[in-house]
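Below is one structure; the comments refer to it alone.
The values are calculated or read from the model by the stated rules, or taken from the named source; none is laboratory data. Bear in mind the structure is a predicted one, so any value in this text is a computation, not a measurement. All Cβ positions, even for glycine, are placed from backbone atoms using ideal geometry, and neighbour counts span all protein chains on display.
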Amino acid sequence: MRSLRIATYNVHSCVGTDGRRDPDRIARVIDELDADVVALQEFTYNADIALETRDPAELTSSLNGYQCALGPTLARKAHSFGNVLLTRHPIRELRRIDLSMERREPRGALATTIDIEGVELHVLSTHLGLRLGERRFQVARILEQIDSLGPAFVAVLGDFNDWLPGRSVVHALDARLGKSMKAPSFPVFWPFLPLDRVWVQPQRALREIFTHRSPLARRASDHLPVVAVLDPPEQAER
């Protein structure tokens, strides 16, 4: 099996730095990434789209070959908002994990098992809260899910909203999965905060992490996408 590309991208409700909402522009950035798996955060889509749809909501015309998993965290009369996972490979299992804390904005994670040419990749994609206490609780829930998977091939990615030196909560993920390489992704006009992160189990399967900085990506959202290149576990062991 060839190397894999996975990506995480906070799309800011598809509203770009010009203040214009343009889902097609986001879709074109995703095309540029050429990734097998893309985790989206802050994605807004019509409320009448079925929860179990596999068509990329609002992006169908531009993203041929992808299927999706929806993970709404907020539902309004007209729109739903939250996490979305796009994949070029079959989704075998899907769970939606509630990471919400009382009186805070609802949060969640998508736990998917993807079949990539006979190899199972377990993907946990999420968008954590803005308060330190929230993120501690949410990381603990994510670690419980990772522990339940044992030594499986796992990718954990998303917007972790973790930026305070000495008060980081993602060190717990570093301790469990190995220290993640950082790729500054926010704010888009001067990216210096690595809010968008990727961890992989086994760590040796992670070959490279980089920020995608195309001119289009600099206009499409307030975050830049972060891309990771993975070797399948069998190849990483060689």
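Residue check: is ASP31 among the acidic types (Asp, Glu) and either buried (at least 17 other Cβ atoms within 10 Å of the Cβ) or over 18 Å from PRO191 (Cα atoms) (or both)? Here the answer is yes, as ASP31 does meet what is asked.
Please find, within segment 14-27, the residue that is nearest to LEU195 (Cα to Cα) out of those that are out of contact with any helix residue (DSSP H, G or I) (no Cβ under 6 Å at 6 or more places or on another chain) and crowded, with 17+ Cβ neighbours inside 10 Å. Among residues in segment 14-27 that are out of contact with any helix residue (DSSP H, G or I) (no Cβ under 6 Å at 6 or more places or on another chain) and crowded, with 17+ Cβ neighbours inside 10 Å, the one nearest to LEU195 (Cα to Cα) is VAL15. For segment 1-110, the strands (runs of 3 or more DSSP E) that sit wholly inside it and include 2 or more residues that are closer than 23 Å to MET181 by Cα are 4-10, 37-46, 79-87. Just to be sure, is PHE160 buried (at least 21 other Cβ atoms within 10 Å of the Cβ) and among the aromatic types (Phe, Trp, Tyr)? So PHE160 fits the description; yes.
Does segment 106-126 contain any residue that is in contact with a helix residue (DSSP H, G or I) (Cβ under 9 Å, 6 or more places away or on another chain) and surrounded by fewer than 17 Cβ atoms within 10 Å (Cβ to Cβ)? Before you say what the answer is, go through the steps one by one.
In the first step, residues of segment 106-126 are kept if they are in contact with a helix residue (DSSP H, G or I) (Cβ under 9 Å, 6 or more places away or on another chain); the result is 107, 109, 111, 119, 122, 124, 126.
Applying the additional criterion that residues be surrounded by fewer than 17 Cβ atoms within 10 Å (Cβ to Cβ) yields 119.
Yes.
In this structure, is ILE91 surrounded by fewer than 21 Cβ atoms within 10 Å (Cβ to Cβ), closer than 22 Å to PRO232 by Cβ and β-branched (Val, Ile, Thr)? Outline the logic, then answer.
Numbers: surrounded by fewer than 21 Cβ atoms within 10 Å (Cβ to Cβ): yes; closer than 22 Å to PRO232 by Cβ: yes; β-branched (Val, Ile, Thr): yes.
Judged against the criteria, ILE91 is a match.
The single condition from (1) touching a strand residue (DSSP E or B) at 6+ places or on another chain (Cβ under 8 Å); (2) surrounded by fewer than 16 Cβ atoms within 10 Å (Cβ to Cβ); (3) farther than 22 Å from VAL154 by Cβ; (4) not β-branched (Val, Ile, Thr) that SER3 fails is (3).
Please report, ordered by residue number, the helices (runs of 4 or more DSSP H) entirely within segment 149-236 with at least 1 residues that are at pLDDT below 95. Step through it out loud before you land on a result.
Details: elements: 171-177, 217-220, 233-236.
So the answer is 171-177, 233-236.
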